[in-house]
Amino acid sequence: MANSGFQLLGYFLALGGWIGIISTTVLPQWKQSSYAGDAIIMAVGLYEGLWMSCASQSTGQVQCKIFDSLLSLDVHIQTCRALMVISVLMGFIAIIVSVVGMKCTKVGDNNPSTKSKIAISGGSLFLLSGLCTLVAVSWYATQVSYHFFDPNTPINARYEFGPALFVGWAAAILMMLGGSFLCCSCVNEDSRGQQFYRQSQPSTAREYVANVKSSPAEKGEQYL
């Protein structure tokens, strides 16, 4: 029962992380214009994400423009796009696989050993999905930091971390934490099953030997 609760906790943590990864992928606030230093505070705030760039005016009006060309984008943006899409797809597959493998569900094979292996596969996919998101968000943040501290970058053209990066970090942690819970609960269950089998095996052997030794004596009593 405790393992089922542990699996459910890991599953819902990973599910929340997956929703956060989707939000991070579509949000345009991966970086935002900086007003640090001697930068002039403008009435327009600039945001940029993986798919579009936006301009937010002081009146509340927001105008966004989708990137026209894929090949004209920087390498890190193309790579982060690929990693985030792969992360979303792996998370979706992990959700389905984990449902089949958890003890509290009656989907698929009812063999506990098989369901445990399936749950470990789902947890591993969650871990890989969170790792892809963590790499993408951290790489993008590194590029933002590099250009911010680059003396050749004009002050008015510098960007800072956007809210989407923090959402991505939190989502990656939740996803990897949930995947770890799933894998650890199944591994502990398998190890307990192996220990029970090893402990029960000698007693069975002793009973067999005792039966073999007692059988000649029983036969002698029958003859008498």
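The values are calculated or read from the model by the stated rules, or taken from the named source; none is laboratory data. None of these values were measured; they are calculated from a predicted model. All Cβ positions, even for glycine, are placed from backbone atoms using ideal geometry, and neighbour counts span all protein chains on display. Keep in mind that these areas ignore ligands, DNA and RNA; they rest on the heavy atoms of the full protein, side chains included. Shrake-Rupley method; radii C 1.70, N 1.55, O 1.52, S 1.80 Å.
³J(HN,Hα) across the stretch 123-130 via Karplus (A = 6.51, B = -1.76, C = 1.60, θ = phi - 60°), whole Hz, x for Gly/Pro?
Result, rounded to whole Hz: x, 5, 5, 4, 4, 5, 4, x.
Fully extended, how many nm does the chain gain between Ser113 and Asp68 (0.36 nm per residue separation, minus their Cα-Cα distance)?
The Ser113-Asp68 span can extend by a further 11.1 nm.
Return the sequence-ordered ³J(HN,Hα) values of the stretch 71-77 in whole Hz as given by the Karplus equation 6.51 cos²θ - 1.76 cosθ + 1.60 applied to θ = phi - 60°, using x for Gly and Pro.
Listing the rounded values in order: 6, 7, 6, 5, 5, 5, 5 Hz.
Could you put Ile95, Ile86 in order of accessible surface area, largest first, with the 1.4 Å probe and the full protein assembly present?
Ile86, Ile95
Calculate, for His76 and Thr105, the FRET efficiency according to 1/(1 + (r/R0)^6) with r their C-beta to C-beta distance and R0 41 Å; round to the nearest 0.05.
After rounding to 0.05, the efficiency reads 0.55.
Please name which of Phe148, Ala136, Gly101 has its Cα lying farthest along the dipole of the stretch 9-157 towards the positive end, using unit charges on Cβ (Lys, Arg +1; Asp, Glu -1) and the Cα centre as origin.
Most positive-ward Cα: Gly101.
Using 1/(1 + (r/R0)^6) with R0 = 30 angstrom and r between the beta carbons of Phe12 and Ile86, what's the FRET efficiency to the nearest 0.05?
With a Förster radius of 30 Å, E is 0.85.
When the dipole is taken about the Cα centre of the stretch 41-126, and only Lys, Arg (+1) and Asp, Glu (-1) are charged at their Cβ, what size is it in debye, to the nearest 20?
Charge dipole, the stretch 41-126, about its Cα centre: 500 debye, nearest 20.
Would you mind getting the accessible area per residue of the stretch 49-106, heavy atoms of the protein chains only, 1.4 Å probe, in Å²?
57 Å²
Of the accessible area of the stretch 1-149, with the probe set at 1.4 angstrom, what percent is carbon plus sulfur?
69 percent
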